[in-house]
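Only the coordinates and a few stated rules stand behind these numbers; no lab work does. Quick caveat, the model's predicted, so the values are computed rather than measured. Please note: Cβ atoms are built from the backbone with ideal geometry, for glycine as well, and neighbour counts cover all protein chains shown.
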Amino acid sequence: MIGLDTWFFFQLKEKNTKAAEFWKNVTAGNNKVMVSVMVLYELGINMLATGDNRFYEEIKKMLTGMGVVLVDTDLRVVEEAMKIKYSYGLPTLDSLIVACYKVNGCKEIITGDSDIINLSKKGVIKLKILK
């Protein structure tokens, strides 16, 4: 299972062909992905800032499809996020997203976020590169 960071959905919005091909494989049942509710939170904040609620609503519909596991933030996630933030200085929201994936058994994340990329270099989570 592969975790998707908010960055991935912005790549879809920008019509990144690699992101679109990856998502096509998700909807075809070839790739299983995990999405943290914190990613939805971040997308929602962007919607409020830009007024683009169409994009946010499209993403919500996409996440109810086959091959997607939407995961909540619970006490285990919060405690793991605290450790990540304290140990590596990751921003709070990124810590929650990474912790959500780690606690739920997700070992890889697709992201372009420099903070999470740097965290991957420390072996906390692996990066999955879009091909």
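Below are the figures for this structure:
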| item | result |
| --- | --- |
| Of the trypsin sites (Lys or Arg not before Pro) in region 82-130, those whose Cβ has at most 12 other Cβ within 10 Å and which sit in DSSP loop | 107, 121, 122 |
| Point-to-point label distance, residue 75-residue 1, nm (Cα→Cβ direction, 7 Å offset) | 2.1 |
| q = 0.17 Å⁻¹: log10 I(q)/I(0) that the Debye formula gives for the chain, counting C-alpha atoms only | -0.87 |
| Sorted by Cβ neighbour density within 10 Å, fewest at the top, the residues 70, 75, 40 | 75, 70, 40 |
| Three-way shape call for region 1-45 based on the alpha-carbon gyration tensor, with the a/c threshold at 1.5 | oblate |
| Cβ-based net charge around residue 115, under 12 Å, with every Lys or Arg adding one and every Asp or Glu removing one | 0 |
| Gain in span if fully extended, residue 107 to residue 127, counting 0.36 nm per residue against the direct Cα distance | 6.3 nm |
| Label-point gap, in nm, between residue 88 and residue 18 - each point 7 angstrom along Cα→Cβ | 2.0 |
| Set of lysines with alpha-carbon distance to residue 131 below 29 Å, sequence-local pairs under 8 removed | 13, 15, 18, 24, 32, 60, 61, 102, 107, 121, 122 |
| Only Lys, Arg (+1) and Asp, Glu (-1) charged, at Cβ; region 2-127 dipole about Cα centre in debye | 360 |
| Loop-located trypsin sites (Lys or Arg not before Pro) in region 14-73 whose Cβ has at most 12 other Cβ within 10 Å (DSSP) | 15 |
